[in-house]
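Worksheet: one structure, shown below.
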2 protein chains.
Amino acid sequence: MSTEATNRRPGRPSGSSDTRERILASARELFARNGFQNTSIRAVAADAGVDAALVHHYYGTKQQLFAAATELPVDPMVVLGPLREAPVEQLGHILPELLLPLWDSQAGTSLIAAMRSMLTGTEVPLARTFFREVVVAELAQRVDDPPGTGVLRAEFTASQLMGLVVARYIIGLEPLASLPAEQIVTMIAPTLQRYLTGDLPDRPGR
Amino acid sequence: MSTEATNRRPGRPSGSSDTRERILASARELFARNGFQNTSIRAVAADAGVDAALVHHYYGTKQQLFAAATELPVDPMVVLGPLREAPVEQLGHILPELLLPLWDSQAGTSLIAAMRSMLTGTEVPLARTFFREVVVAELAQRVDDPPGTGVLRAEFTASQLMGLVVARYIIGLEPLASLPAEQIVTMIAPTLQRYLTGDLPDRPGR
(Lines give C-alpha, C1' and ligand atoms only; values in the text may rest on other atoms or scores of the structure.)
Protein backbone atom coordinates (compact mmCIF):
# COMPACT_ATOMS: atom_id res chain seq x y z
CA MET A 1 0.00 0.00 0.00
CA SER A 2 3.00 2.26 0.45
CA THR A 3 4.54 4.37 -2.27
CA GLU A 4 7.89 4.21 -0.51
CA ALA A 5 9.62 2.17 -3.15
CA THR A 6 9.19 4.81 -5.81
CA ASN A 7 8.85 7.92 -3.69
CA ARG A 8 11.35 7.60 -0.89
CA ARG A 9 13.59 10.15 0.68
CA PRO A 10 16.26 9.12 3.19
CA GLY A 11 15.35 10.16 6.70
CA ARG A 12 11.72 10.71 5.87
CA PRO A 13 9.90 9.40 8.93
CA SER A 14 6.28 9.17 7.85
CA GLY A 15 4.97 5.98 6.27
CA SER A 16 8.32 4.32 6.78
CA SER A 17 7.33 1.14 8.55
CA ASP A 18 7.04 -0.90 5.34
CA THR A 19 10.51 0.20 4.31
CA ARG A 20 11.96 -0.59 7.72
CA GLU A 21 10.40 -4.03 7.64
CA ARG A 22 11.69 -4.65 4.14
CA ILE A 23 15.21 -3.70 5.21
CA LEU A 24 15.02 -6.07 8.18
CA ALA A 25 13.72 -8.90 6.00
CA SER A 26 16.59 -8.41 3.55
CA ALA A 27 19.08 -8.23 6.41
CA ARG A 28 17.79 -11.45 7.96
CA GLU A 29 18.00 -13.28 4.67
CA LEU A 30 21.49 -12.07 3.74
CA PHE A 31 22.98 -12.49 7.22
CA ALA A 32 21.60 -16.04 7.39
CA ARG A 33 22.79 -16.93 3.89
CA ASN A 34 26.17 -15.19 3.75
CA GLY A 35 27.11 -14.59 7.36
CA PHE A 36 27.87 -11.35 9.12
CA GLN A 37 31.29 -10.53 7.68
CA ASN A 38 30.23 -11.19 4.10
CA THR A 39 27.10 -9.09 4.27
CA SER A 40 27.42 -5.35 3.64
CA ILE A 41 24.99 -2.57 4.43
CA ARG A 42 25.14 -1.83 0.71
CA ALA A 43 24.03 -5.38 -0.16
CA VAL A 44 21.15 -5.24 2.30
CA ALA A 45 20.09 -1.88 0.87
CA ALA A 46 20.23 -3.21 -2.69
CA ASP A 47 18.21 -6.28 -1.77
CA ALA A 48 15.58 -4.11 -0.07
CA GLY A 49 15.53 -1.64 -2.97
CA VAL A 50 16.60 1.35 -0.87
CA ASP A 51 19.62 3.59 -0.53
CA ALA A 52 22.42 2.48 1.81
CA ALA A 53 22.18 5.86 3.54
CA LEU A 54 18.61 5.05 4.53
CA VAL A 55 19.71 1.78 6.12
CA HIS A 56 22.34 3.65 8.13
CA HIS A 57 19.80 6.30 9.03
CA TYR A 58 17.31 3.78 10.35
CA TYR A 59 19.63 1.22 11.91
CA GLY A 60 23.08 2.71 12.44
CA THR A 61 26.06 0.36 12.14
CA LYS A 62 26.06 -3.12 10.61
CA GLN A 63 26.20 -4.59 14.11
CA GLN A 64 23.15 -2.59 15.13
CA LEU A 65 21.34 -3.67 11.98
CA PHE A 66 22.19 -7.27 12.81
CA ALA A 67 20.87 -6.85 16.34
CA ALA A 68 17.64 -5.36 14.99
CA ALA A 69 17.28 -8.02 12.28
CA THR A 70 17.73 -10.87 14.73
CA GLU A 71 15.84 -9.12 17.54
CA LEU A 72 18.81 -9.92 19.70
CA PRO A 73 18.36 -9.15 23.36
CA VAL A 74 21.62 -7.21 23.27
CA ASP A 75 22.11 -3.60 22.37
CA PRO A 76 25.65 -3.67 20.96
CA MET A 77 26.31 -0.15 22.19
CA VAL A 78 25.49 -1.05 25.78
CA VAL A 79 27.69 -4.13 25.86
CA LEU A 80 30.55 -3.69 23.43
CA GLY A 81 32.04 -0.47 24.77
CA PRO A 82 32.46 -1.60 28.39
CA LEU A 83 33.60 -5.06 27.27
CA ARG A 84 36.38 -3.63 25.14
CA GLU A 85 37.67 -1.52 28.01
CA ALA A 86 37.41 -4.19 30.70
CA PRO A 87 40.52 -6.07 31.83
CA VAL A 88 40.38 -9.70 30.72
CA GLU A 89 40.51 -10.94 34.30
CA GLN A 90 37.25 -9.07 35.07
CA LEU A 91 35.25 -10.13 32.00
CA GLY A 92 33.59 -13.02 33.83
CA HIS A 93 32.02 -10.53 36.20
CA ILE A 94 31.43 -7.60 33.84
CA LEU A 95 29.67 -9.66 31.18
CA PRO A 96 26.73 -10.81 33.34
CA GLU A 97 26.74 -7.46 35.14
CA LEU A 98 26.02 -5.81 31.79
CA LEU A 99 23.61 -8.42 30.51
CA LEU A 100 21.43 -9.21 33.53
CA PRO A 101 19.89 -5.74 33.97
CA LEU A 102 19.31 -5.59 30.23
CA TRP A 103 17.64 -9.00 30.22
CA ASP A 104 15.65 -8.34 33.40
CA SER A 105 14.21 -5.20 31.81
CA GLN A 106 13.12 -7.15 28.75
CA ALA A 107 12.00 -10.33 30.47
CA GLY A 108 8.83 -11.79 29.09
CA THR A 109 8.96 -9.86 25.87
CA SER A 110 11.73 -9.47 23.34
CA LEU A 111 14.28 -11.58 25.19
CA ILE A 112 12.12 -14.66 25.33
CA ALA A 113 10.94 -14.11 21.78
CA ALA A 114 14.52 -13.78 20.56
CA MET A 115 15.72 -16.87 22.41
CA ARG A 116 12.79 -18.92 21.16
CA SER A 117 13.17 -17.84 17.57
CA MET A 118 16.87 -18.64 17.80
CA LEU A 119 15.98 -22.19 18.73
CA THR A 120 13.39 -22.81 16.07
CA GLY A 121 14.55 -24.26 12.81
CA THR A 122 14.54 -21.26 10.57
CA GLU A 123 16.47 -18.93 12.86
CA VAL A 124 19.23 -21.35 13.79
CA PRO A 125 21.55 -20.20 10.96
CA LEU A 126 21.15 -16.61 12.17
CA ALA A 127 21.90 -17.63 15.73
CA ARG A 128 24.98 -19.49 14.55
CA THR A 129 26.09 -16.46 12.56
CA PHE A 130 25.63 -14.28 15.62
CA PHE A 131 27.71 -16.50 17.86
CA ARG A 132 30.37 -17.30 15.29
CA GLU A 133 30.97 -13.84 13.98
CA VAL A 134 29.70 -11.31 16.48
CA VAL A 135 30.35 -12.91 19.86
CA VAL A 136 33.54 -14.48 18.63
CA ALA A 137 34.77 -11.29 17.00
CA GLU A 138 34.31 -9.38 20.22
CA LEU A 139 34.98 -11.88 22.97
CA ALA A 140 37.14 -14.69 21.61
CA GLN A 141 39.95 -12.40 20.50
CA ARG A 142 40.17 -11.00 24.03
CA VAL A 143 40.69 -14.43 25.58
CA ASP A 144 42.66 -16.25 22.88
CA ASP A 145 45.34 -17.55 25.25
CA PRO A 146 46.89 -19.94 24.40
CA PRO A 147 46.28 -18.97 20.77
CA GLY A 148 43.44 -20.93 19.19
CA THR A 149 41.42 -21.37 22.38
CA GLY A 150 39.44 -18.12 22.30
CA VAL A 151 36.48 -19.42 20.32
CA LEU A 152 35.91 -22.40 22.59
CA ARG A 153 36.26 -20.18 25.68
CA ALA A 154 33.66 -17.78 24.28
CA GLU A 155 31.33 -20.66 23.45
CA PHE A 156 31.40 -22.20 26.92
CA THR A 157 30.75 -18.72 28.29
CA ALA A 158 27.81 -18.34 25.91
CA SER A 159 26.48 -21.76 26.95
CA GLN A 160 26.15 -20.71 30.61
CA LEU A 161 24.57 -17.40 29.65
CA MET A 162 22.06 -19.04 27.30
CA GLY A 163 21.19 -21.61 29.94
CA LEU A 164 20.55 -18.79 32.38
CA VAL A 165 18.16 -17.18 29.92
CA VAL A 166 16.28 -20.46 29.56
CA ALA A 167 16.10 -21.16 33.30
CA ARG A 168 15.39 -17.60 34.52
CA TYR A 169 13.22 -16.15 31.77
CA ILE A 170 11.75 -18.89 29.62
CA ILE A 171 11.03 -21.70 32.07
CA GLY A 172 10.96 -19.34 35.05
CA LEU A 173 12.46 -21.69 37.62
CA GLU A 174 11.97 -20.37 41.14
CA PRO A 175 13.85 -19.26 43.18
CA LEU A 176 16.38 -18.62 40.40
CA ALA A 177 13.89 -16.56 38.37
CA SER A 178 13.35 -14.08 41.21
CA LEU A 179 16.92 -13.96 42.51
CA PRO A 180 18.29 -10.39 42.40
CA ALA A 181 20.55 -9.81 39.42
CA GLU A 182 23.63 -9.13 41.53
CA GLN A 183 23.31 -12.54 43.17
CA ILE A 184 23.13 -14.23 39.79
CA VAL A 185 26.24 -12.30 38.78
CA THR A 186 28.07 -13.41 41.94
CA MET A 187 27.08 -17.01 41.30
CA ILE A 188 28.01 -17.32 37.64
CA ALA A 189 30.96 -14.89 37.41
CA PRO A 190 33.53 -17.49 38.58
CA THR A 191 32.13 -19.95 36.02
CA LEU A 192 32.47 -17.47 33.16
CA GLN A 193 35.91 -16.32 34.29
CA ARG A 194 37.19 -19.89 34.42
CA TYR A 195 35.87 -20.55 30.92
CA LEU A 196 37.46 -17.31 29.67
CA THR A 197 40.89 -17.51 31.29
CA GLY A 198 41.17 -20.80 33.20
CA ASP A 199 42.56 -24.16 32.20
CA LEU A 200 41.04 -25.96 29.22
CA PRO A 201 40.70 -29.69 28.64
CA ASP A 202 43.54 -31.34 26.76
CA ARG A 203 42.51 -30.82 23.16
CA PRO A 204 40.93 -27.37 23.05
CA GLY A 205 39.73 -27.55 19.45
CA ARG A 206 40.94 -25.30 16.71
CA MET B 1 -11.07 -45.81 14.20
CA SER B 2 -9.87 -48.00 17.01
CA THR B 3 -12.06 -50.31 19.03
CA GLU B 4 -9.57 -50.14 21.88
CA ALA B 5 -11.81 -48.13 24.15
CA THR B 6 -14.47 -50.78 24.30
CA ASN B 7 -12.41 -53.86 23.58
CA ARG B 8 -9.19 -53.47 25.50
CA ARG B 9 -7.26 -56.00 27.52
CA PRO B 10 -4.30 -54.94 29.69
CA GLY B 11 -1.01 -56.01 28.22
CA ARG B 12 -2.51 -56.74 24.85
CA PRO B 13 0.19 -55.60 22.42
CA SER B 14 -1.56 -55.55 19.05
CA GLY B 15 -3.35 -52.40 17.92
CA SER B 16 -2.10 -50.64 21.01
CA SER B 17 -0.63 -47.47 19.54
CA ASP B 18 -3.85 -45.49 19.88
CA THR B 19 -4.12 -46.48 23.52
CA ARG B 20 -0.49 -45.62 24.18
CA GLU B 21 -0.98 -42.22 22.59
CA ARG B 22 -4.14 -41.60 24.57
CA ILE B 23 -2.33 -42.42 27.80
CA LEU B 24 0.50 -40.03 26.92
CA ALA B 25 -1.95 -37.27 26.03
CA SER B 26 -3.73 -37.69 29.36
CA ALA B 27 -0.41 -37.77 31.19
CA ARG B 28 0.77 -34.56 29.49
CA GLU B 29 -2.43 -32.77 30.37
CA LEU B 30 -2.57 -33.87 34.00
CA PHE B 31 1.14 -33.38 34.72
CA ALA B 32 0.97 -29.87 33.24
CA ARG B 33 -2.21 -28.98 35.11
CA ASN B 34 -1.61 -30.61 38.49
CA GLY B 35 2.13 -31.15 38.66
CA PHE B 36 4.06 -34.36 39.12
CA GLN B 37 3.40 -35.10 42.79
CA ASN B 38 -0.34 -34.48 42.49
CA THR B 39 -0.82 -36.69 39.44
CA SER B 40 -1.29 -40.41 40.00
CA ILE B 41 -1.00 -43.25 37.54
CA ARG B 42 -4.58 -44.03 38.50
CA ALA B 43 -5.74 -40.52 37.50
CA VAL B 44 -3.94 -40.75 34.17
CA ALA B 45 -5.50 -44.13 33.53
CA ALA B 46 -8.98 -42.84 34.38
CA ASP B 47 -8.55 -39.82 32.13
CA ALA B 48 -7.41 -42.06 29.28
CA GLY B 49 -10.20 -44.55 29.92
CA VAL B 50 -7.89 -47.48 30.59
CA ASP B 51 -6.89 -49.62 33.52
CA ALA B 52 -4.04 -48.42 35.74
CA ALA B 53 -2.34 -51.78 35.23
CA LEU B 54 -2.14 -51.05 31.52
CA VAL B 55 -0.39 -47.74 32.17
CA HIS B 56 2.15 -49.52 34.37
CA HIS B 57 2.53 -52.24 31.76
CA TYR B 58 3.26 -49.77 28.97
CA TYR B 59 5.24 -47.14 30.83
CA GLY B 60 6.52 -48.52 34.12
CA THR B 61 6.81 -46.08 37.02
CA LYS B 62 5.26 -42.63 37.25
CA GLN B 63 8.69 -41.10 36.61
CA GLN B 64 9.06 -43.19 33.46
CA LEU B 65 5.60 -42.19 32.33
CA PHE B 66 6.53 -38.57 32.89
CA ALA B 67 9.70 -38.98 30.86
CA ALA B 68 7.73 -40.58 28.03
CA ALA B 69 4.97 -37.97 28.17
CA THR B 70 7.39 -35.07 28.00
CA GLU B 71 9.76 -36.86 25.60
CA LEU B 72 12.51 -35.94 28.01
CA PRO B 73 16.00 -36.70 26.79
CA VAL B 74 16.64 -38.54 30.02
CA ASP B 75 15.92 -42.16 30.77
CA PRO B 76 15.32 -42.05 34.51
CA MET B 77 16.73 -45.55 34.93
CA VAL B 78 20.04 -44.59 33.36
CA VAL B 79 20.53 -41.46 35.42
CA LEU B 80 18.78 -41.90 38.74
CA GLY B 81 20.46 -45.05 39.97
CA PRO B 82 24.07 -43.87 39.58
CA LEU B 83 23.15 -40.41 40.89
CA ARG B 84 21.69 -41.81 44.08
CA GLU B 85 24.80 -43.85 44.74
CA ALA B 86 27.35 -41.16 43.89
CA PRO B 87 29.07 -39.20 46.65
CA VAL B 88 27.88 -35.58 46.69
CA GLU B 89 31.40 -34.29 46.03
CA GLN B 90 31.48 -36.20 42.72
CA LEU B 91 28.04 -35.23 41.41
CA GLY B 92 29.41 -32.35 39.34
CA HIS B 93 31.44 -34.85 37.35
CA ILE B 94 29.07 -37.79 37.34
CA LEU B 95 26.05 -35.82 36.15
CA PRO B 96 27.52 -34.69 32.78
CA GLU B 97 29.34 -38.02 32.48
CA LEU B 98 25.94 -39.74 32.51
CA LEU B 99 24.14 -37.19 30.38
CA LEU B 100 26.60 -36.39 27.58
CA PRO B 101 26.78 -39.89 26.05
CA LEU B 102 22.99 -40.09 26.28
CA TRP B 103 22.58 -36.73 24.59
CA ASP B 104 25.27 -37.37 21.99
CA SER B 105 23.49 -40.56 20.97
CA GLN B 106 20.21 -38.68 20.52
CA ALA B 107 21.60 -35.49 19.00
CA GLY B 108 19.53 -34.15 16.19
CA THR B 109 16.45 -36.13 17.05
CA SER B 110 14.60 -36.48 20.30
CA LEU B 111 16.92 -34.28 22.35
CA ILE B 112 16.53 -31.24 20.16
CA ALA B 113 12.81 -31.87 19.78
CA ALA B 114 12.40 -32.14 23.53
CA MET B 115 14.40 -29.00 24.27
CA ARG B 116 12.52 -27.02 21.65
CA SER B 117 9.12 -28.16 22.80
CA MET B 118 10.12 -27.28 26.35
CA LEU B 119 10.79 -23.73 25.25
CA THR B 120 7.63 -23.18 23.28
CA GLY B 121 4.63 -21.79 25.09
CA THR B 122 2.49 -24.84 25.60
CA GLU B 123 5.20 -27.07 27.02
CA VAL B 124 6.64 -24.58 29.47
CA PRO B 125 4.38 -25.71 32.35
CA LEU B 126 5.52 -29.29 31.77
CA ALA B 127 9.16 -28.22 31.73
CA ARG B 128 8.64 -26.30 34.95
CA THR B 129 6.97 -29.34 36.52
CA PHE B 130 9.90 -31.48 35.47
CA PHE B 131 12.51 -29.19 36.98
CA ARG B 132 10.52 -28.37 40.11
CA GLU B 133 9.43 -31.83 41.04
CA VAL B 134 11.65 -34.37 39.32
CA VAL B 135 15.07 -32.72 39.20
CA VAL B 136 14.50 -31.12 42.55
CA ALA B 137 13.24 -34.29 44.16
CA GLU B 138 16.34 -36.18 43.05
CA LEU B 139 19.12 -33.63 43.06
CA ALA B 140 18.20 -30.79 45.40
CA GLN B 141 17.75 -33.04 48.43
CA ARG B 142 21.27 -34.39 47.92
CA VAL B 143 22.84 -30.92 48.04
CA ASP B 144 20.59 -29.08 50.50
CA ASP B 145 23.45 -27.72 52.58
CA PRO B 146 22.93 -25.31 54.23
CA PRO B 147 19.27 -26.32 54.43
CA GLY B 148 17.08 -24.43 51.97
CA THR B 149 19.76 -24.00 49.30
CA GLY B 150 19.32 -27.29 47.45
CA VAL B 151 16.72 -26.08 44.97
CA LEU B 152 18.77 -23.08 43.88
CA ARG B 153 21.90 -25.25 43.58
CA ALA B 154 20.02 -27.72 41.39
CA GLU B 155 18.66 -24.91 39.25
CA PHE B 156 22.04 -23.31 38.55
CA THR B 157 23.30 -26.79 37.68
CA ALA B 158 20.36 -27.24 35.31
CA SER B 159 21.04 -23.84 33.74
CA GLN B 160 24.55 -24.86 32.67
CA LEU B 161 23.34 -28.20 31.36
CA MET B 162 20.47 -26.63 29.38
CA GLY B 163 22.83 -24.03 27.94
CA LEU B 164 25.12 -26.83 26.85
CA VAL B 165 22.24 -28.53 25.05
CA VAL B 166 21.43 -25.29 23.24
CA ALA B 167 25.04 -24.55 22.26
CA ARG B 168 26.15 -28.09 21.36
CA TYR B 169 23.03 -29.65 19.85
CA ILE B 170 20.57 -26.97 18.83
CA ILE B 171 22.75 -24.13 17.57
CA GLY B 172 25.70 -26.43 16.91
CA LEU B 173 28.49 -24.01 17.80
CA GLU B 174 31.84 -25.28 16.59
CA PRO B 175 34.27 -26.33 18.00
CA LEU B 176 32.09 -26.98 21.06
CA ALA B 177 29.61 -29.10 19.10
CA SER B 178 32.34 -31.53 18.01
CA LEU B 179 34.36 -31.59 21.20
CA PRO B 180 34.61 -35.13 22.64
CA ALA B 181 32.18 -35.70 25.48
CA GLU B 182 34.89 -36.30 28.04
CA GLN B 183 36.37 -32.86 27.35
CA ILE B 184 32.99 -31.23 27.85
CA VAL B 185 32.71 -33.12 31.13
CA THR B 186 36.16 -31.93 32.24
CA MET B 187 35.27 -28.36 31.35
CA ILE B 188 31.88 -28.08 33.04
CA ALA B 189 32.33 -30.48 36.00
CA PRO B 190 33.96 -27.81 38.22
CA THR B 191 31.12 -25.41 37.37
CA LEU B 192 28.45 -27.93 38.34
CA GLN B 193 30.32 -29.00 41.47
CA ARG B 194 30.64 -25.40 42.64
CA TYR B 195 26.92 -24.83 42.09
CA LEU B 196 26.11 -28.04 43.95
CA THR B 197 28.41 -27.76 46.94
CA GLY B 198 30.29 -24.45 46.76
CA ASP B 199 29.56 -21.06 48.29
CA LEU B 200 26.29 -19.35 47.42
CA PRO B 201 25.59 -15.62 47.17
CA ASP B 202 24.35 -13.96 50.35
CA ARG B 203 20.61 -14.54 50.09
CA PRO B 204 20.16 -17.97 48.61
CA GLY B 205 16.40 -17.77 48.20
CA ARG B 206 14.00 -20.26 49.63
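The values are calculated or read from the model by the stated rules, or taken from the named source; none is laboratory data. Please read these numbers as outputs of a predicted model, since none were measured by experiment. Heads up, the Cβs are rebuilt from the backbone with ideal geometry, glycines too, and the neighbour counts pull from every protein chain shown. Heads up: the accessible areas ignore ligands, DNA and RNA and are worked out on the full protein's heavy atoms, side chains in. Shrake-Rupley method; radii C 1.70, N 1.55, O 1.52, S 1.80 Å.
Averaged over peptide A:130-139, the number of partner chain Cβ atoms lying within 10 Å of each residue's Cβ comes to 1. With the simple model of a label 7 Å out from the Cα in the direction of the Cβ, A:Ala137 to B:Gln90 spans 4.7 nm. The rotation axis that maps chain B onto chain A passes nearest to the beta carbon of this chain B residue, listed with its distance in whole angstrom: B:Gly163, 1.
The phi torsions of the range A:58-68, fed into the Karplus equation with coefficients 6.51, -1.76 and 1.60 and a -60° offset, translate into couplings of 6, 10, x, 6, 5, 5, 5, 4, 4, 4, 5 Hz, rounded to whole numbers, with Gly and Pro shown as x. Scoring A:26-39, A:187-200 by mean Cβ neighbours within 10 Å over their residues and listing the highest first yields A:187-200, A:26-39. Heavy-atom accessible area buried between chains B and A is around 4100 Å² (1.4 Å probe, both sides summed). Sorted shortest first, the separations between the A:Arg84 label point and its copies elsewhere in the assembly read 5.6 nm; each point sits 7 Å from Cα along the Cα-to-Cβ line. The shape of the range A:129-181 comes out prolate: with a ≥ b ≥ c from the C-alpha gyration tensor, a/c is at least 1.5 and a/b beats b/c.
In terms of the mean number of neighbouring beta-carbon atoms within 10 Å, the peptides B:52-65, A:135-148 order highest first as B:52-65, A:135-148. Mean partner shielding of peptide B:150-156, defined as the number of other chain Cβ atoms within 10 Å of each residue Cβ, is 5. Note on A:171-184: average number of Cβ atoms from other chains within 10 Å of each residue's Cβ is 6.
With θ taken as phi - 60° and the Karplus curve 6.51 cos²θ - 1.76 cosθ + 1.60 applied, the whole-hertz 3J(HN,Hα) list for the range A:92-104 is x, 8, 5, 4, x, 5, 7, 7, 4, x, 4, 5, 4 Hz, x standing for glycine and proline.
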